[in-house]
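Rule-based calculations on the coordinates, nothing more; no lab input. This is a predicted model, so every value here is computed, not measured. Cβ sites come from the backbone with ideal geometry, for glycine too, and all protein chains shown count toward neighbours.
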Amino acid sequence: MERKTKTRITFDQQVIQEPAWSLDGKTLIFSAQLTSGGGNVEIRSKSADGSGPENALFAENNNYHLPGWSPDGKYVTYLWARRENGFALDKARER
């Protein structure tokens, strides 16, 4: 932002949304919608400078939303949609 330039981070055709920067500013996490209409979403990470591959943080795909970082930066938190009773905050997963 200091340079007032844009740098593209992701290049795939999926809907990428809900980015969150790590506390040190070196890593981005975000949700990637794998199918149209929602319901199949994964949380990915990538270097904030755009280098390197995207990495899925969890082996399973689910209806994940709003990934974030714990205050100490050690854990990733997220909401996941349960059809029967809305959203739930899952346990934070260690990075």
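5 Å is the cut-off here: which amide hydrogens, built 1.01 Å from N in the peptide plane, fall below it relative to F58, excluding neighbours closer than 5 in sequence?
Result for F58 returns I43.
If the label point is 7 Å along Cα→Cβ of N55, which residues in the stretch 1-37 have backbone nitrogen under 19 Å from it?
Inside the label zone: 9-12, 19-32.
Set the Förster distance to 22 Å, then compute FRET efficiency between R3 and T35 from the Cβ-Cβ distance, nearest 0.05.
Efficiency computed from Cβ-Cβ geometry: 0.05.
Given 0.36 nm per residue, what is the gain on full extension from Q17 to A81 after removing their alpha carbon distance, in nm?
21.5 nm
What's the extension gain from T10 to A48 if we count 0.36 nm per residue and subtract their Cα-Cα distance?
Full extension of this stretch gives 12.7 nm more.
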